[in-house]
Amino acid sequence: MDRKWWHDKVAYQIYPKSFLDTNGDGIGDLRGIISKLDYLKELGIDIIWLSPIYKSPFVDQGYDIADYYAIAEEFGTMEEFDELLAEAKKREMYIIMDLVINHCSDQHEWFQKALANPEGKYADYFYFRKGKNGNPPSNYRSYFGGSCWEPVPGTDKYYLHMFAKEQPDLNWENQELRQELYNMVNWWLEKGLAGFRIDAIINIKKDLEFPSFDPDGPDGLAGCWKMVESVDGIGEYLEDLKKNTFQKYDAFTVAEVFNMKKGELQKFIGKDGYFSTIFDFSAHCLSDGKHGWYDAPQIDFKEWRETVINSQLEVQKCGFEANIIENHDEPRGASRFLPEYAVNPDGIKMLGTINILLRGIPFIYQGQEIGMQNAVWNSIEEYDDINTKDQYDIARKAGLTDQEALAACGRMSRDNARTPVQWSHTENAGFTVGTPWLKVNSNYKEINVEDQEKDEDSILNYYRRLIRLRKSEEFREIFTYGEFVPVYHDTENIMAYYRLDGDRRILVAANFGKEAAEIEFEYPIKKMILSNQKGVEIEEGKRGLRLESCQVVILECE
Ligand code: TEU
Ligand code: CA
C-alpha cells in the first residue's frame with residue numbers, strides 16, 4: 001500500500017457557529033477558532049475540518065452557499081481566514097473546508113440569474129424541468145421534507161432540490177458549471193488549504209428521466225434517495241473532479257457518502273480512488289427509522305459490535321475510512337451508543353478508546369473530547385434545525401403527541417451536536433458574553449473544558465493520553481497500518497480487537513456490560529499500555545482478566 005501523508009493523522013471537526021464567540025454576537029467566529037488552535041494542538045489534532053464558513057443565508061446553517069469565494073460576515077473576514085491558515089501552518093496543522101457542490105443557495109448569483117432568465121445559460125446550471133400532467137416532474141420527497149420540485153416563478157417549470165427549497169441542485173451534466181466548480185476548488189487549494197470534506201456528494205448524479213417511485217409515506221411521495229440508489233454513472237463525475245482538482249495538490253479528501261452501491265468501495269477509496277477516504281456511517285445507519293426519527297430503533301450492542309467489526313474487515317481490504325462517533329448531523333455519541341448505565345466518564349472514555357484505536361482516520365467532533373451529551377429540549381421552538389422541524393411534523397402527522405414527537409427529536413436531533421461548546425462553568429458555558437444563537441446544554445456546569453483541564457482523570461485528559469498513544473513513536477505504525485482482527489465477539493458485552501503488525505500485537509478490550517466480565521487471554525501479555533480505570537495490574541503469567549463494567553484496557557501481547 002502506498003503511504004500517504006494523512007494516514008497517521010487525527011482530525012477534528014469544528015462547527016464554527018457553535019465553537020467560540022469572541023465578539024459577543026452569540027455566534028462562533030474565526031477569531032474563536034484561532035484562539036483555540038493551541039488547545040487543539042495539545043489534544044493531538046493534525047487536521048481541522050471546518051463546517052461551511054462561506055457566505056450564506058444559513059437556511060441550512062451554511063450548507064446553502066451564496067458565494068463560494070467569500071467568508072460569511074458572521075464568522076469574520078478573508079484576512080482572518082488567511083490568518084487561521086497561517087497560524088495552523090505554524091503549528092503543523094492542516095485546515096480542510098466543507099465542499100458543498102451538490103447544491104448552492106437560492107441566493108447564489110447563478111440561481112438568481114437563472115430565475116431572471118429561465119431560458120438563459122444559467123438555468124442550465126440547475127435542473128429546470130417541465131411538470132408532468134399538472135404535477136411536478138416526479139414524486140421525490142426531499143431530505144428535509146416536501147417535494148423535491150419547486151415551481152420556477154412565471155414559468156411552467158420546476159427546479160430540483162434534494163434538500164431545502166433554498167438549496168437548488170447544481171446540474172453536473174453542464175460542463176461549464178463543472179469547470180466553475182473546479183476553478184473554485186483549485187482557488188482554495190492554491191491558498192494553502194489541505195483538502196476538503198465533501199458534502200452529500202453521492203447526490204450529484206441524477207437519473208435524467210426522473211422516474212417516480214412507489215410512494216413510501218402518507219404524503220404520496222418517495223424518498224429521493226431511491227433515485228440516487230437506482231442510477232449509475234457517478235464515477236465519471238468523481239473521476240473528473242479528482243483529476244481536475246485534488247489530485248494536482250495531493251489534497252486530503254473525505255467524502256460524505258450514503259447509499260453507496262455494493263462493490264463500489266474500491267472505486268471510492270481504493271488505490272486511485274475518487275477520494276482519500278469516506279466516513280464510516282455504518283453504525284449510525286443502525287438508527288435509521290422506517291419512516292423517520294419517530295420510529296428510529298435504539299442501538300443494540302450486539303448489532304453495533306457486529307456492524308463496526310464487519311465494516312473494519314471490509315474496509316481494510318482496500319483503504320481507510322474516517323471513523324466518527326458523532327458529527328454535526330448526528331446526536332451525541334455518548335447519549336446514543338452507550339447504555340444508560342454507561343453514560344458516565346468511564347463509559348465515555350471506553351467508547352472513545354474503541355473508536356479512536358480502530359483502523360482508519362479518527363475524526364473527533366467538537367465537544368466529544370469532554371463527553372458532551374444530548375441536550376434536553378422542552379419545546380419545538382427551542383430548535384433551530386430545519387431537519388428537526390420536519391421530523392417533528394412527520395411524527396405529529398403519524399399520530400404522536402407533542403411530548404412523544406419532542407422525545408423522538410430529543411433523541412435524534414442534529415441540534416444536539418450543535419449546542420455551543422462548553423468551555424467553562426461560567427455563564428453560557430464561556431461560549432459567548434452575548435446571547436447564544438442556540439441554547440447551551442444545561443449540564444455545562446458539570447461538563448466543561450475548564451474544569452476538565454484541572455482534573456487528571458477527566459475525559460479530556462484521557463483523550464489527550466489516548467491520542468498521544470496512537471501517535472507515539474512506539475505505536476504510531478501499528479495503530480495506523482496494523483491489521484484489525486476482532487476477538488471475543490461471542491463473549492457477551494465485550495467489544496474487543498487486536499491491532500496486528502508483523503509480530504506485534506495490541507489488544508483493545510472493553511466491557512460494555514453492567515456487570516464485570518472475565519476474558520481469557522489468547523496470547524501472554526507483555527504489558528498494560530492504558531486503561532480508563534485505575535489500579536489495573538497485569539501480573540506475569542496471568543491467563544485472563546476481569547474487566548469491570550465500562551472498563552477498557554489496551555494491552556501489548558507477546
Ligand atoms: O448531509 C447530507 C445528508 O445526507 C443529511 O441529510 C443526512 O442524511 C441527515 O442530516 C441526517 O439527519 C450533508 C450535511 O452534513 C448536512 O449538514 C446538510 O444539511 C446536508 O448535507 C445538505 O447540505
Ligand atoms: Ca461572533
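The values are calculated or read from the model by the stated rules, or taken from the named source; none is laboratory data. The structure presented is a predicted model; accordingly, all values stated were derived computationally and were not measured. All Cβ positions, glycine included, derive from the backbone under ideal geometry; neighbour counts span all protein chains shown. The area values use the complete protein model at the heavy-atom level, side chains included, leaving out ligands, DNA and RNA. Shrake-Rupley method; radii C 1.70, N 1.55, O 1.52, S 1.80 Å.
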In a shell of Cβ-Cβ distance under 14 Å around residue 341, excluding residue 341 itself, what net charge do Lys and Arg (+1) and Asp and Glu (-1) give? -3
Whole-Å distance linking the alpha carbon centroid of the stretch 59-94 with that of the stretch 114-179 is 29 Å
Could you work out the relative contact order of the chain? I mean the mean sequence separation of Cα pairs under 8 Å and 6+ apart, divided by the number of residues, in percent. 12 percent
Helix 234-244: angle to the longest alpha-carbon principal axis of the chain, degrees 0 to 90, nearest 10? 80 degrees
Please give the helix 301-315 orientation as an angle from the longest Cα principal axis of the chain, in degrees from 0 to 90, rounded to the nearest 10. 80 degrees
In deg cm²/dmol, rounded to the nearest 500, the helical mean residue ellipticity at 222 nm of the chain, built from -39500 (n - 2.57) for every DSSP H run of length 4 or more, is -8000 deg cm²/dmol
Under 14 Å, Cβ to Cβ, from residue 8 - net charge with Lys/Arg +1 and Asp/Glu -1: +2
Counting only pairs 8 or more residues apart or on different chains, how many lysine pairs in the stretch 1-131 have their Cα atoms under 13 Å apart? 5
Using a ≥ b ≥ c from the Cα gyration tensor of the stretch 339-436 (square roots of the eigenvalues), is it rounded, prolate or oblate, where a/c under 1.5 gives rounded and otherwise the larger of a/b and b/c decides, a/b for prolate? oblate
Between residue 476 and residue 528, how many nm apart are label points set 7 Å from Cα along the C-beta direction? 2.8 nm
How would you classify the stretch 251-291 from its alpha-carbon gyration tensor, with a ≥ b ≥ c the square roots of the eigenvalues: rounded for a/c under 1.5, else prolate if a/b is greater than b/c, otherwise oblate? prolate
Lysine pairs with alpha-carbon atoms under 26 Å apart, the stretch 444-534, spacing 8 or more or separate chains: 9
Cα-based Rg / Dmax (Å) for the chain: 23.7, 81
GluC sites (Glu not before Pro) restricted to the stretch 443-515 and DSSP loop, no more than 13 other C-beta within 10 Å: 446, 456, 473, 474, 492, 515
Mean separation of Cα contacts under 8 Å, 6 or more apart, over the residue count of the stretch 348-507: relative contact order %: 22 percent
One-quarter of the Cα convex hull surface for the stretch 177-333, in nm²? 11.0 nm²
Relative contact order (%) - the stretch 418-522, alpha-carbon pairs under 8 angstrom, separation at least six: 14 percent
Quick one: helix 402-412 against the long Cα principal axis of the chain, what's the angle to the nearest 10°, folded into 0 to 90? 70 degrees
Along its principal axes, what span do the Cα atoms of the stretch 279-388 show, with the longest given first and each in whole Å? 46, 33, 24
So what does residue 437 come to for accessible area, using a 1.4 Å probe and Å² rounded to 10? 50 Å²
Tell me which lysines have Cα within less than 26 Å of residue 397's Cα, excluding those fewer than 8 residues away on the same chain? 165, 226, 290, 389
Give the cross-link partners of residue 261 among the aspartates and glutamates, using a straight C-alpha distance below 17 Å as the criterion and excluding same-chain residues fewer than 8 apart. 207, 229, 232, 236, 239, 280, 314, 321
